[in-house]
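Trainee: Got a structure here, written out as structure tokens. Questions coming.
No value in this document is a laboratory result; all are computed from the given coordinates. Treat the numbers as computed from the prediction; the structure is a model and nothing was measured. Virtual Cβ from ideal backbone geometry, glycine too; neighbours counted across all protein chains shown.
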Amino acid sequence: MNNKELLARRNKALPQGAATALPVFVEKAVGSEIWDVEGTHYVDFASGIAVNNTGNLHPKVVDAIEKQLKQYAHIGFPVLSCEPYVRLCERLNDLAPIKDAKSTLFTTGAEATENAVKVARYYTSRQGIITFTGSFHGRTQLALAMTGKVQPLRTGVTPSQAGVYQVPFPIPHHGTSESDSLRALDHLFRATIAPDQVAAIVIEPVQGEGGFYQASPVFMRELREICTRHSICLIVDEVQSGFGRTGKFFAVEHSGVQPDLIAIGKAMGGGLPLSGLIGRSDVIDAPPPGFLGGTFAGNPLACAAANAVLDIIEEERLLDRAEQVGKRISAFLHDLKGTPGVLPLGDIRGLGAMVAFEIVAQLGTHTPDAEATKRVAARAKELGLLLLPCGYYGNTIRISAALNISDDVLETGLSRLASALKA
Ligand code: PMP
């Protein structure tokens, strides 16, 4: 069957809400390359939304899953324990920029962020949660209430949950400075909820879906100071920015800030569904037995894969490689910007291999052109390149290439990107 026939079956069987960005049915994926059912070759700059940091089917991940599969696939961690889960938590505790950390595992990113909030509420005996505009914390009801984007996420479902408030995320070139954000937080404390009623401030150190906007180290330190002053938990959502993506294991490490809780997911399972919560032990250890968990939480196959992912990041020096990949992509985009015959590019930004650029109405401005951005992603697909647009203004293209992408495949992807960006 070809893509068109499969698409017709898909559209008949699935609700439109379960959308897919590109009308491509995958036959095979290895490393950073994908082939569809028609044999078309794609370079993968999407990585299944920042999941395949170590590429698709890394031999070590495959090997670890196969080995685990010969022992047991599911035990239910609320019923029985297994060593790969414990080993993974021990390793995460050592990696986290938190003194005296403990960890626990879940399945999806939304569960990780919601459990972070539950723990913070339990620990502080407070209800208030402050998040940022443009943020993405998941599609379940509380995670959605925390998420700062209306279309298509919050439309028609009244996601507001008691006690969840948002302040503007600082994006200076779109008119919100860091002091504007801090002033909004101060207004919130004075007008809406007293700081002693706030359990947590939740922030992505680099927003993922929101457009790869970075909260500067200065801003992160300011939030840390505010949280400490008012005994508020600082939760960092590293579901997208973690696992080496930014050139450090956690993006928050770029600021030197120690958060109280870190939500993780996506890349950790090497392609299998796995997420987790790391916390300062007095915070995460506060809730009673049975408060945390889930039927599939910390699935043994996913834990085995995650332990392999940690080995690969270390053995292949992927934090360094993330820096190199990011530098190459950024340099390429800066060279392209302003070249005659190329669409007008706006801000180009990146932290490690978390690189993005904006498409604007006119060179030298920051006026978003969301339509042109959609067209670029569609044209890239025709040229054999998988790209994901994102962003609060819909005009950002993010590049989440695997951290271990080879130079050859990276260059092929970049040359297809240049063609997709022709005016
Ligand atoms: N937090 C962040 C920062 C994310 O990017 C995402 C997913 N894009 C989530 C949470 C939710 O993760 P999941 O889709 O696995 O529930």
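Trainee: Once phi is turned into ³J(HN,Hα) by the Karplus curve 6.51 cos²θ - 1.76 cosθ + 1.60 with θ = phi - 60°, what whole-Hz value does each residue of the stretch 380-386 show in order, with x for glycine and proline?
Mentor: Listing the rounded values in order: 4, 4, 4, 8, x, 9, 9 Hz.
Trainee: Taking θ as phi - 60°, what are the ³J(HN,Hα) couplings along the stretch 339-344 by the Karplus curve (6.51, -1.76, 1.60), each to the nearest whole Hz, with x for Gly and Pro?
Mentor: Taking θ as phi minus 60°, the curve returns 5, x, x, 10, 4, x Hz for the stretch 339-344.
Trainee: Sorted by average packing, counted as other Cβ atoms within 10 angstrom per residue and highest first, what order do 16-23, 137-144 take?
Mentor: Result, highest mean first: 137-144, 16-23.
Trainee: Please sort by residue number the trypsin sites (Lys or Arg not before Pro) in the stretch 18-102 whose DSSP state is loop and whose Cβ has at most 14 other Cβ atoms within 10 Å.
Mentor: Sites meeting the loop and neighbour criteria: Lys70, Lys99.
Trainee: What Kirkwood hydrodynamic radius, in Å, does the chain give when the mean of 1/r is taken over all pairs of distinct Cα atoms and then inverted?
Mentor: 22.0
Trainee: Tell me which residues come under 5 Å, amide H to amide H, from Asn404 once H is placed; ignore anything under 5 positions away on its chain.
Mentor: Gly55
Trainee: Is there a pair in Lys28/Lys381; Lys266/Lys327; Lys70/Lys118; Lys60/Lys248 whose C-alpha atoms are over 25 Å apart, and which pairs would that be?
Mentor: Cα-Cα > 25 Å for Lys70/Lys118; rest within.
Trainee: From the phi of every residue in the stretch 272-282, what ³J(HN,Hα) in whole Hz does the Karplus formula 6.51 cos²θ - 1.76 cosθ + 1.60 yield, where θ is phi - 60° and glycine or proline is x?
Mentor: Listing the rounded values in order: 9, x, 7, 9, x, 9, 10, x, 4, 5, 5 Hz.
Trainee: Roughly speaking, what is the centre-to-centre gap between the stretch 252-312 and the stretch 340-409 when only Cα atoms are used, to the nearest Å?
Mentor: The stretch 252-312 and the stretch 340-409 have Cα centres separated by 30 Å.
Trainee: Something else: What is the Cα centroid distance between the stretch 1-68 and the stretch 133-201, reported in whole angstrom?
Mentor: Cα centroid of the stretch 1-68 versus Cα centroid of the stretch 133-201: 33 Å apart.
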